[in-house]
1. Give me PHE63, PHE166, PHE32, PHE171 sorted ascending by neighbouring Cβ count inside 10 Å, so fewest comes first.
2. Only residues of region 1-44 count here: report those whose backbone N is under 19 Å from the spot 7 Å along Cα→Cβ of LEU58, or say none.
3. Between LYS120 and ALA18, take the C-beta separation as r, use R0 = 41 Å, and let me know the FRET efficiency to the nearest 0.05.
4. Using alpha carbons only, how many angstrom separate the centre of region 153-175 from the centre of region 42-60?
5. Can you tell me the length gained on complete extension of the stretch GLU106 to MET25, counting 0.36 nm per residue apart and subtracting the Cα distance?
6. Straight-line reach from LYS34: which lysines have Cα under 27 Å away, leaving out those fewer than 8 places along the same chain?
7. Rounded, prolate or oblate: which one fits region 1-62, using the alpha carbon gyration tensor with axes a ≥ b ≥ c (rounded when a/c is under 1.5, else prolate when a/b beats b/c, else oblate)?
8. How far apart, in nanometres, would the label points at ASP35 and ARG179 be if each is projected 7 angstrom from Cα along the Cα-to-Cβ direction?
Amino acid sequence: MRKLTYYVGMSLDGFIAAPDGTYDMYPLSESFIKDFHIGEYPDCLPTHARQHLGVDGLENKHFDTMLQGRATYGAALEIGVTSPYKHLRQYVVSRSIDKSPDPDVEIISGDVAAKVRELKQEDGLGIYLAGGANLAAQLLDEIDEMVVKLYPIVLGSGIPLFSAEFGVRNFTLDAAPPRTYDNGAVVLKYSKVR
């Protein structure tokens with residue numbers, strides 16, 4: 001069975017974005033981009049970024065499908081990109097977008113958890129949950145693992161990792177030691193306790 005992985009960047013105080021949804025405050029470095037983004041998770045780079053970095057031909061390592069909320073997808077639409085992850089099968093969860101602006105992007109407006117359970121039954125690589133907090137909250141019980149890029153910044157307020165009601169769900173830290181990078185980021189991988 002395929003896994004749903006919430007792959008996300010987060011501040012030390014638990015925010016994935018500023019209150020306005022921007023996330024350009026995270027410190028990046030050439031080696032973090034090269035060693036982690038390109039070396040480990042090239043599938044999570046948008047297609048236009050892969051092209052810019054000269055790695056568009058890289059094979060997907062972890063995912064062949066991605067899921068994102070309307071606000072996350074809206075960031076791509078704002079820069080004129082209607083299919084931000086051409087190298088993946090793309091789904092956008094939205095109640096406000098009636099028709100997809102791109103044939104490579106399917107809109108999900110119904111029961112997203114049921115759709116994820118259906119996708120998990122298919123053969124293939126994993127499913128990349130790109131965000132945001134509301135969608136992650138809707139899928140909290142379906143998330144099998146989390147890859148958290150923890151950045152050495154404090155935002156004070158913003159969009160949290162999850163916008164969910166209180167409830168305890170247990171995850172365990174991957175046996176491999178967390179990776180640290182020269183930009184101060186630590187990458188943590190958690191698996192849901194079943």
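1. So the residues, fewest neighbours to most, are PHE166, PHE171, PHE32, PHE63.
2. Zone members listed by number: 5-10, 27-44.
3. 0.80
4. 28
5. Working: separation 81, 0.36 × 81 = 29.16 nm, distance 3.00 nm.
Full extension of this stretch gives 26.2 nm more.
6. Cα-Cα hits under 27 Å: LYS3, LYS61, LYS86, LYS149, LYS189.
7. oblate
8. 0.9
Where a number appears in this text, it was derived from the coordinates with a stated rule and is not lab data. Worth saying up front: this structure is predicted, and the values here are computed from it rather than measured. Note that we place each Cβ from the backbone using ideal geometry, even for glycine, and neighbour counts take in every protein chain shown.
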